[in-house]
1. Being modelled with pLDDT of 95 or more, surrounded by fewer than 21 Cβ atoms within 10 Å (Cβ to Cβ) and under 24 Å from Arg364 (Cα atoms) is true for just one of Ala135, Ala120. Which residue is that?
2. Mind listing whichever residues of the stretch 167-193 are within 23 Å of Tyr214 (Cα to Cα) and at pLDDT 95 or above?
3. Within the set of pairs 6+ apart or on separate chains, which have a first residue in the stretch 326-343 that is farther than 13 Å from Val259 by Cα, a second that is among the aliphatic types (A, V, I, L, M) and surrounded by 14 or more Cβ atoms within 10 Å (Cβ to Cβ), and C-beta atoms under 6 Å apart?
4. Is at least one residue of the stretch 242-257 over 26 Å from Pro149 (Cβ atoms) and of a type in the set (A, V, I, L, M, F, W, C)?
5. If we keep just the residues of the stretch 38-76 that are polar (S, T, N, Q) and part of a helix (DSSP H, G or I), which is farthest from Leu103 (Cα to Cα)?
6. For the stretch 72-81, indicate whether the set of residues that are among the hydroxyl-bearing types (Ser, Thr, Tyr), more than 20 Å from Tyr148 (Cβ to Cβ) and out of contact with any helix residue (DSSP H, G or I) (no Cβ under 7 Å at 6 or more places or on another chain) is non-empty.
7. Just the residues that are over 25 Å from Arg364 (Cβ atoms) and surrounded by fewer than 20 Cβ atoms within 10 Å (Cβ to Cβ), please, taken from the stretch 88-106.
8. Considering (1) at pLDDT 95 or above; (2) touching a helix residue (DSSP H, G or I) at 6+ places or on another chain (Cβ under 7 Å); (3) surrounded by fewer than 22 Cβ atoms within 10 Å (Cβ to Cβ), say which one Ser211 fails and leave the rest.
Amino acid sequence: MLHVPADLGDNGDHRQHTPGGKMPKVDLVYSTLKGYSSLFPLFEHLRDRNWDVALTKVHKHGFRNRELLRRITDTVILAYDQPLYRLEKSGWSGRFIYIEHGLSPVKYYTYKYEFFHRAALLFYPGEVFQRKMKAVNPGFKHGLLGGYPKVDELLRMDVDREALCRELSLDSAAPVILFAPSWGGKRNKNAGVHNARHLQGIRNLLVIPHSADYGHAGKYGAVIPEDGNINSYLHLADVVVSDVSSVLAEASILGKPVVQIRLTSYPGCFPEEDRRKQGIWISEEVLKKEEEQTDRSQRPFKIAYLDEDWDFGNSAPPEGLPEAVRKAIESPDEYETTQRYWAEQSCWKADGKTCSRISAMIQRFLETGDLNQLD
């Protein structure tokens with residue numbers, strides 16, 4: 001289980017020094033809890049193998065980053081763009097390695113911005129992301145298949161169902177229904193955690209919002225994970241309900257039946273307008289074409305920039321969710337083949353060795369500058 005340090009948010013030196021021998025030195029940086037939880041498994045792996053490594057928050061205000069800037073390396077690993085912009089605004093210059101913070105390829109922002117194309121090394125979570133990059137920038141030469149570090153813990157962990165159900169006031173003898181949507185509730189009452197209202201009559205319901213929607217959690221009796229990590233709840237669940245969230249692929253990796261909510265729009269997905277106007281890499285012509293050709297009423301799960309649909313099989317509009325959940329409980333294996341396909345396409349080699357492969361590829365890159373794909 002991921003444990004957030006008590007001083008999360010400070011620039012304390014959390015560097016783990018090498019006791020002997022020379023191992024690579026690198027900084028992992030974040031600005032949000034989601035970024036922290038995405039990087040922590042890799043940080044832990046590197047630390048345990050005696051890398052000279054630190055996991056540190058980059059603050060919005062430059063003066064709070066002074067200590068970090070005195071000791072930071074010229075290569076950083078991150079899972080979001082904001083830490084990079086904050087570092088550069090504070091006076092740092094260097095190169096970065098990007099590790100994706102989720103497994104959903106539906107969103108338009110993946111590879112839309114210049115940030116991605118500046119990466120010295122970019123890890124694709126799965127082959128569908130590699131296809132997205134090829135569609136957006138066929139000349140990009142800095143990408144390797146890596147997988148998703150958080151899946152290592154997901155596959156390793158065991159959960160005490162009885163104890164966790166007692167803690168959550170759930171019936172361990174009945175199916176646990178987990179609703180874990182993507183973000184969007186701040187600006188749209190029909191997005192994110194707000195769709196929990198369509199599930200309120202379902203027995204043994206567990207609602208966990210995206211971290212961006214934590215402010216609305218109280219309206220729906222939702223649980224906020226202390227460390228931002230929902231792996232234990234994915235293990236507990238018998239059915240997982242979501243929209244276009246990474247959670248669908250993660251649940252499918254565990255073999256859990258999933259239900260997708262069909263909506264006419266999803267935050268961060270075409271044809272919704274992007275509020276960000278700066279740093280766009282893709283041409284206006286291509287973006288306009290995507291907006292015009294994306295009809296969520298006909299293809300609710302169309303993947304941005306690809307003629308593919310991230311459809312796990314069992315989907316329903318909000319009012320049809322109770323029936324779709326019932327169907328998933330009664331026939332949990334009906335869409336097993338479809339779910340397995342998208343789990344494999346979204347997360348490359350979910351075998352518990354993701355951090356090991358990624359660290360080996362990073363080490364080769366740091367020592368030689370070579371991008372070497374490990375199989």
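The values are calculated or read from the model by the stated rules, or taken from the named source; none is laboratory data. All values reported here derive from a predicted model rather than from experimental measurement. Cβ atoms come from the backbone with ideal geometry, glycine included; neighbour counts cover every protein chain shown.
1. Unique residue meeting the criteria: Ala120.
2. Glu167, Leu168, Ser169, Leu170, Val176, Ile177, Leu178, Phe179, Ala180, Pro181
3. Close Cβ pairs (under 6 Å, with a partner that is among the aliphatic types (A, V, I, L, M) and surrounded by 14 or more Cβ atoms within 10 Å (Cβ to Cβ)) amount to Ala343/Ala249; Ala343/Ile253.
4. no
5. Ranking the qualifying residues of the stretch 38-76, first place goes to Asn65.
6. Kept after step one, since they are among the hydroxyl-bearing types (Ser, Thr, Tyr), are these residues of the stretch 72-81: 73, 75, 80.
Adding the requirement that they be more than 20 Å from Tyr148 (Cβ to Cβ) leaves 73, 75.
Among the residues that remain, those that are also out of contact with any helix residue (DSSP H, G or I) (no Cβ under 7 Å at 6 or more places or on another chain) are: 73.
Checked against the condition, which is being among the hydroxyl-bearing types (Ser, Thr, Tyr), more than 20 Å from Tyr148 (Cβ to Cβ) and out of contact with any helix residue (DSSP H, G or I) (no Cβ under 7 Å at 6 or more places or on another chain), the stretch 72-81 yields at least one hit.
7. Glu88, Lys89, Ser90, Gly91
8. The single condition Ser211 does not satisfy is (1).
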